[in-house]
Amino acid sequence: MTQPHSSVDALWQRYRALDPDAPAAPPDVYHFCDNPADAALCLALVLQGQKRATACALAQLRLAGAPVPRPGDLAIVTDWAGEAAAVLRTLAVDVRRFDEVDAAFAALEGEGDGSLAWWRQAHHDYFTRVLAGTGVPVDDDLEIACEQFEVVLRR
């Protein structure tokens, strides 16, 4: 495992100054997407307040040994290079089949043109890439953790 960027600890210490009850160790740290360009775009949308949700296949979480997010969970989102950009708090998580993701959630994700059609195509393509070779079919039955979040601290 690689060492987190020093900015992760610095941002977490700033957060702990606001919430002294927060644990000493930083929470989960991640970047959006599977490539630098999309990661930068999604991060910018989060920092602008346009992107307030994200979607992850349950199979991705299982393969990574990661839990399904829960309301109240904190995370640090980074850029592609690992530099901390914001602390996020999970507000809600709803597990749905791919074909049950609705237009309201697609709009909360804030990507593309905000439509459900755009969301389905972009996320089908994304899940196909990240689940390639795992034996997990990317179809209407794929279970998705639809997470809503808020930014609680920016870098």
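No lab work stands behind these numbers, since they all come straight from the coordinates. Predicted model only: the values in this text are computed from it and were never measured. Neighbour counts are summed over all protein chains in view; Cβ atoms, including those assigned to glycine, are modelled from backbone coordinates with ideal geometry.
Could you tell me which of rounded, prolate or oblate describes region 33-155, using a ≥ b ≥ c as the square roots of the eigenvalues of the alpha-carbon gyration tensor, with rounded for a/c under 1.5 and, failing that, prolate when a/b is larger than b/c and oblate otherwise? Because its axes are fairly even, with a/c under 1.5, region 33-155 counts as rounded. So how far, in whole Å, is the C-alpha centre of region 43-71 from the one of region 101-149? What the calculation gives is 11 Å, centre to centre. Label positions at Arg129 and Ala103, each projected 7 Å from the Cα along the C-beta direction, are separated by 2.8 nm. Of all DSSP-defined beta bridges confined to region 1-122, some 60% are antiparallel rather than parallel.
For Asp28, the residues 5 or more places off, or on other chains, whose built amide H falls under 5 Å of its own are Ile76. Calculate how steeply helix 36-48 sits against the longest principal axis of the alpha-carbon atoms of the chain, using the helix alpha-carbon long axis, and give the answer as 0 to 90 degrees to the nearest 10. For 36-48 against the chain, the angle is about 70 degrees. Extension gain, Leu45-Arg70: 0.36 nm per intervening residue step, less the Cα-Cα distance, totals 6.8 nm.
Of the residues Ala37, Gln3, Leu47, the one whose Cα sits farthest toward the positive end of the charge dipole of the chain, with +1 on the Cβ of Lys and Arg and -1 on the Cβ of Asp and Glu, is Gln3.
Dipole magnitude for the chain: computed about the Cα centre from +1 point charges on Lys and Arg Cβ and -1 point charges on Asp and Glu Cβ, it is near 500 debye.
Each Cα pair under 8 Å and six or more residues apart adds its separation to the average, and for the chain the resulting relative contact order is 31 percent. Taking 0.36 nm per residue of sequence separation and removing the Cα-Cα distance, the Arg155/Arg62 pair yields an extension gain of 30.5 nm. Near the amide H of Lys51, within less than 5 Å, lie the amide hydrogens of Val46, all on another chain or at least 5 residues away, with H placed in the peptide plane.
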